[in-house]
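First up is the structure itself, then whatever we jot down about it.
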Amino acid sequence: MIAVSATAIGIPFNIPLAKLTDWLPSGLPWIIIVVLVGAVTTFVATLGYDKVEKFSTIAAPWMILVFLAAAIAVLPELGVKNWGDFFQVAQDKIWTGKPLDGQSKFTFWHILFFAWFCNMAMHIGMADLSILRYAKKWTAGFASAGGMYVGHYIAWLASGILYALFLQQSNENLEFAPGPVAYSAAGITGALCVIIAGWTTANPTIYRAGLALQAIMPKAKTWKITLIVGSITTLAACFPALVMQLLDFVALYGLILMPMGAIIFIDYWLFPRIGLQSNLAAVKNLTFNVAALITWLGSLLACYLIAKTTGLEIFFLGLPGWFLAALIYISSSYAYQKKWSK
């Protein structure tokens with residue numbers, strides 16, 4: 001997302017952007033802008049939770065409206081003169097079912113699963129569950145669900161329309177250009193929306209990663225750990241080899257964190273009801289929970305075997321993987337806690 005923001009900031013400087021097939025940075029100007037964006041993003045994250053929360057509260061709500069307005073604004077350029085034209089134009093020019101060379105074909109199910117599972121680390125992984133267990137009412141979960149459904153589904157629909165126009169105007173240009181695409185549709189507001197979208201995603205993610213590392217190194221200052229995480233992330237954002245594989249990378253990242261979401265859910269909600277100890281490592285002062293380790297490795301191995309034997313794409317592995325992780329954690333915890341308590 002740092003790289004996504006950089007594509008918008010680079011517009012006034014006419015910086016050449018990387019193509020979907022590139023592996024190395026497009027030049028020194030690109031690296032400079034990415035570093036500047038990464039520095040601002042990391043700085044906000046080092047200020048702590050309150051500043052990250054306030055920044056997101058101010059920046060996030062209007063982004064959905066910008067995406068929607070931009071998509072509607074460009075429909076006439078695609079040939080939609082009235083609403084009756086939309087579905088025919090959508091079939092012929094927007095969602096044609098014909099992927100670009102070297103890109104995989106996405107179906108409706110890819111979009112549906114990805115809109116949820118691209119943020120698997122947030123929604124069924126660690127992030128939401130780490131926070132929502134402190135919620136005073138169950139309805140707090142609607143905030144996360146609303147952000148995912150409204151934000152991602154509208155963003156996917158809007159991006160499909162905007163990118164279809166970009167391809168039409170640029171003669172199938174393969175540049176990674178979310179900034180220019182948004183700018184061509186909604187002007188400066190569109191470019192700002194892309195910048196803010198990158199910031200509001202990267203800020204809390206860097207902040208969370210810093211907290212996780214601090215749990216391992218409790219004597220280190222939070223801002224220093226966050227600074228290190230942000231620096232590593234910024235360096236990675238310079239390389240299109242990672243950015244251009246964003247969908248696969250995010251799906252893999254979510255899949256890796258998916259078992260921990262199952263562990264948190266089962267540990268907090270189910271264990272007290274079936275006679276097992278929640279938060280075992282904290283209660284017994286253990287350095288790690290063997291059952292959690294077995295669950296993490298076992299469920300990922302199971303997902304790998306499912307993919308190899310069935311050909312199921314990575315986007316779809318999170319759903320069966322979560323239930324497998326839950327079963328493995330329950331069974332391994334029964335054995336581990338019984339043996340440990342002797």
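When you count the other C-beta atoms within 10 angstrom of each residue and take the mean per peptide, 232-239, 196-203, 280-287 line up highest first as 196-203, 232-239, 280-287.
Counting every other Cβ atom within 10 Å of each residue's Cβ, Trp30, Trp23, Trp95, Trp138 order from fewest to most as Trp138, Trp23, Trp95, Trp30.
The ranking of Lys308, Lys93 from fewest to most other beta carbons within 10 Å of each one's beta carbon is Lys308, Lys93.
For a label point 7 Å from the Cα of Val283 along Cα→C-beta, name the residues of the range 302-342 whose backbone N is under 17 Å from it. Backbone N within reach: 329-342. Between helix 290-310 and the chain, what is the angle of the helix's C-alpha long axis to the longest principal axis, kept within 0 to 90° and rounded to the nearest 10? It works out to around 50 degrees. Listed from fewest to most Cβ neighbours within 10 Å, the set Met1, Met63 follows the order Met63, Met1. Taking 0.36 nm per residue of sequence separation and removing the Cα-Cα distance, the Leu47/Tyr149 pair yields an extension gain of 33.8 nm. Packing order of peptides 214-221, 160-167, highest average first: 160-167, 214-221 (average count of other Cβ atoms within 10 Å over each peptide's residues). Basic side chains Lys and Arg get +1 at the Cβ, acidic Asp and Glu get -1 at the Cβ, and with that the dipole of the chain about its Cα centre reaches some 1500 debye.
Relative contact order of the chain: 28 percent, from C-alpha pairs under 8 Å at least 6 residues apart in sequence. Judged by the ratio a/c of the largest to the smallest principal axis of the C-alpha gyration tensor, the range 200-342 counts as oblate, that ratio being 1.5 or greater while a/b is no larger than b/c.
Cβ neighbours within 10 Å, averaged per peptide: list 315-328, 73-86 in order, most packed at the top. Intermediate values should be presented prior to the final figure.
Details: 315-328: 20.9, 73-86: 13.9.
Descending mean neighbour count gives 315-328, 73-86.
Per residue of the chain, the DSSP helices (runs of n ≥ 4 H) give a summed -39500 (n - 2.57) that works out to -21500 deg cm²/dmol at 222 nm.
Only the coordinates and a few stated rules stand behind these numbers; no lab work does. Please read all numbers here as calculations on a predicted model, not as lab measurements. Please note: Cβ atoms are built from the backbone with ideal geometry, for glycine as well, and neighbour counts cover all protein chains shown.
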